[in-house]
Amino acid sequence: MKIKTFFWVALAAVSGLTVWAAEPDLGPIPGNPPGMKPLTSHRTPADRAAKEFLHGVNLADYLEASPQYFGRGVVVEAGELAQIKKEGFDHVRVPIGWHHFTGAAPEFALMPVIFSRVDFIVTNCLKNRLAVMINIHHFDELDRDPAMAKGEFLAIWRQIAAHYQKFPATLAFELDNEPHDQATTALMNPIYAQVITEIRRTNPHRTIFVEPGNWGSIGELKNLVLPPDDNVIVSVHCYDPFYFTHQGASWVNEVLPTGVVFPGPPPTPLVPDAKLKLKPWVRDWIKKYNTLPTEQNPSSPAAFAGKFKYLRAWSDYYGRPVHIGEFGAYTKGDQASRVHFYTAFRQAAEAEKLGWCIWDWSSGFRYWDKKNNRPVPGMATALFGRKE
Ligand code: BGC
């Protein structure tokens with residue numbers, strides 16, 4: 001995952017609908033290609049649906065994991081969906097590896113076993129009055145060669161759409177998790193438009209979420225071109241400050257030092273293990289983290305609060321609701337810092353009226369401590385302001 005240094009400079013709302021975000025990374029609003037036309041109504045089906053997707057949780061490392069791991073890692077029981085509702089969440093995002101269950105081209109017929117596993121989660125969410133979003137997760141072929149994988153992508157969605165066409169409106173589809181590499185926003189725009197047309201044949205009123213390229217990055221919103229469909233919500237991912245949220249993560253190219261607190265600066269400077277061989281920009285980040293006061297510290301709300309102002313301005317201008325589909329901090333960080341982080345992030349998102357969805361329920365970034373059958377200490381306070 002790529003990280004960009006962020007400097008929020010200023011946001012000026014000028015007469016009428018014209019808004020400029022004087023922000024070097026994110027660019028001006030309006031700034032999308034001319035094909036991206038603003039929707040004039042702010043009372044679209046997507047706006048109404050967005051109200052059902054405000055406080056969510058990702059059911060991570062479950063249905064998206066390689067099929068051979070099914071049942072060996074995270075296992076979700078029906079009672080956990082009731083618990084999710086009881087905790088105060090209103091929706092669940094379900095990452096799914098459908099592409100592991102397809103038959104031969106050109107049909108790419110999905111095996112019944114994946115539908116039965118997804119049905120189990122979807123029906124239990126709906127039973128507990130949770131909105132639910134199902135996606136395609138880790139479809140690497142699409143990231144490697146979108147033109148080549150497009151046929152399979154369309155075939156998967158055609159089948160999912162047919163299977164769920166009679167389901168309630170609080171079931172939503174998210175087309176693709178974190179497009180990246182060759183799956184740039186520009187390349188994905190026409191593919192998304194085609195999949196949306198396909199889904200609309202059987203599901204004229206279903207809410208559809210789409211993510212921009214570069215891993216659902218906020219900086220890619222400016223390249224998005226959506227069809228005029230008024231039931232599409234844009235979803236972005238934000239793991240800033242990355243060197244805090246992903247400390248010690250083995251799946252990040254360069255494993256980052258642990259011991260990073262939130263907010264910085266730390267009481268005693270962090271001296272990373274010499275064995276880690278960190279890149280110059282990580283060293284520079286650590287230097288700033290060790291020395292700058294909290295308001296300017298890179299491990300502080302300054303890493304995301306300005307981005308959320310941009311999201312609000314972009315959403316208002318284009319008439320498209322924006323949702324933060326993934327954010328979170330790995331459990332290698334100390335728990336007090338994780339609680340400060342989830343609190344600050346959640347509050348900053350809510351200040352801009354943005355729906356959020358934490359990564360994750362019971363895995364490496366967990367909210368729920370399955371062993372002790374209770375939230376990880378501090379998490380219920382962080383997300384719902386509840387006394388513990
Ligand atoms: C990936 C997970 C990862 C998480 C945080 C998600 O999009 O699917 O595998 O743990 O991001 O890095």
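When Lys and Arg each count +1 and Asp and Glu each count -1, what net charge do the other residues less than 10 Å away from Gly328, Cβ to Cβ, add up to?
0
How big is the gap, in Å, between the Cα center of region 253-278 and the Cα center of region 171-217?
With region 253-278 and region 171-217 each reduced to a Cα centre, they are spaced 37 Å.
Of the beta bridges DSSP finds with both residues in the chain, what % are antiparallel, to the nearest 5?
Antiparallel bridges: around 20 percent, rounded to the nearest 5.
For region 104-145, which chymotrypsin sites (Phe, Trp or Tyr not before Pro) are both in a DSSP coil and crowded by at most 10 other Cβ atoms within 10 Å?
Passing both the DSSP loop test and the Cβ count: no residue.
Return a whole-number percent for the relative contact order of the chain, with Cα pairs under 8 Å and 6 or more residues apart as the contact set. List each step's numbers first, then the result.
Working: 732 pairs, mean separation 73.5, N = 388.
Value for the chain: 19 percent.
Accessible area per residue, 1.4 Å probe, Å², for the chain: what's the number?
Value returned for the chain: 43 Å² of accessible area per residue.
Run lengths n ≥ 4 of DSSP H only: what is the helix-derived mean residue ellipticity at 222 nm for the chain, with -39500 (n - 2.57) per run over all residues, to the nearest 500?
Using -39500 (n - 2.57) per qualifying helix, the result is -10000 deg cm²/dmol.
For region 207-364, take the convex hull of the Cα atoms, compute a quarter of its surface area, and give me that in nm², please. Show your work: numbers first, answer last.
Working: hull surface 40.0 nm².
It is 10.0 nm².
Using all Cα-Cα distances in region 101-210, what percent lands in each 10 angstrom bin from 0 up to the longest?
Using 10 Å bins, I get a P(r) of 14, 47, 33, 6 for region 101-210.
Using Cα-only point scatterers and the Debye equation, what is log10 of I(q)/I(0) for the chain at each q in 0.09, 0.15 Å⁻¹, rounded to two decimals?
Relative scattering, expressed as log10 I(q)/I(0), comes to -0.51, -1.49.
Where the only charges are on Cβ atoms (+1 Lys, Arg; -1 Asp, Glu), what is the dipole of the chain about its Cα centre, to the nearest 20 debye?
Roughly 740 debye, rounded to the nearest 20.
Where is the GNM fluctuation largest for the chain (alpha-carbon springs, 10 angstrom cutoff): Ala349, Ala249, Ala303?
So, out of Ala349, Ala249, Ala303, the one fluctuating most is Ala249.
Expressed in nm to one decimal, what extension gain is obtained for the pair Ala186 and Asp140 from 0.36 nm per residue of sequence separation less their Cα-Cα distance?
Additional length available on full extension: 14.8 nm.
Can you count the Lys pairs in region 276-366 with C-alpha separation below 21 Å, eight or more apart or on different chains?
The number of close lysine pairs in region 276-366 is 10.
Under the √(5λ) rule applied to the eigenvalues of the Cα gyration tensor, what semi-axes describe the equivalent ellipsoid of region 122-177? Give them in Å, descending.
26, 12, 7
Peptides 352-362, 79-89: what's the order by average Cβ count within 10 Å, highest mean first?
With the highest mean Cβ count within 10 Å placed first, the list reads 352-362, 79-89.
Tally up the carbon and sulfur contribution to the accessible surface of the chain as a whole percent, 1.4 Å probe, everything protein left in place.
Carbon and sulfur: 58 percent of the exposed surface of the chain.
The values are calculated or read from the model by the stated rules, or taken from the named source; none is laboratory data. This one's a predicted model, so the numbers in the text were calculated from it and none came from an experiment. All Cβ positions, even for glycine, are placed from backbone atoms using ideal geometry, and neighbour counts span all protein chains on display. Just the protein is used for accessible areas: all its heavy atoms, side chains included, with ligands, DNA and RNA removed. Shrake-Rupley method; radii C 1.70, N 1.55, O 1.52, S 1.80 Å.
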